[in-house]
Amino acid sequence: MDDQFTLDSMTKRITISLPDSTYKKLEEWAETEDRSVAGQASYVLQKAVDDAEQMGKISPNSPKSPPGRS
């Protein structure tokens with residue numbers, strides 16, 4: 001483990017439930033971007049969090065992802 005990052009800055013795993021129709025759309029989108037469904041979901045969520053930060057909805061002092069995980 002790289003000593004540069006604390007456990008708080010490590011990648012976290014979550015479990016979510018999606019309607020079948022949303023999953024199928026996410027799956028199709030992931031294929032067009034050459035990502036797994038999980039990778040696409042992670043990308044979409046990270047983008048939404050970044051957008052919320054830029055719009056002032058969340059603190060810019062919130063922990064950032066480790067380099068290479070944006």
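The values are calculated or read from the model by the stated rules, or taken from the named source; none is laboratory data. Just so you know, these numbers come straight off a predicted model, no measurement behind them. Note that we place each Cβ from the backbone using ideal geometry, even for glycine, and neighbour counts take in every protein chain shown. Keep in mind that these areas ignore ligands, DNA and RNA; they rest on the heavy atoms of the full protein, side chains included. Shrake-Rupley method; radii C 1.70, N 1.55, O 1.52, S 1.80 Å.
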* Asked: Cross-link partners among lysines for Lys57, C-alpha distance below 21 Å, same-chain residues fewer than 8 apart left out?
  -> Lys47
* Between Ile58 and residues 5 or more places away or on another chain, which pairs have amide H atoms under 5 Å apart, with H built 1.01 Å from N, and which residues are they? -> Glu53
* To do: Along Cα→Cβ, 7 Å out, is where each label goes; now give me the distance between the ones at Asp34 and Asp51 in nm to one decimal.
  => 2.5
* Asked: To the nearest 10 square angstrom, what accessible area does Leu18 show with a 1.4 Å probe?
  -> 70
* If Lys and Arg each add +1 and Asp and Glu each add -1, what is the summed charge of the other residues whose beta carbon sits under 14 Å from the beta carbon of Val37? -> -3
* **Ranking by accessible area, most exposed first, for Val49, Val37 with a 1.4 Å probe** => Val49, Val37
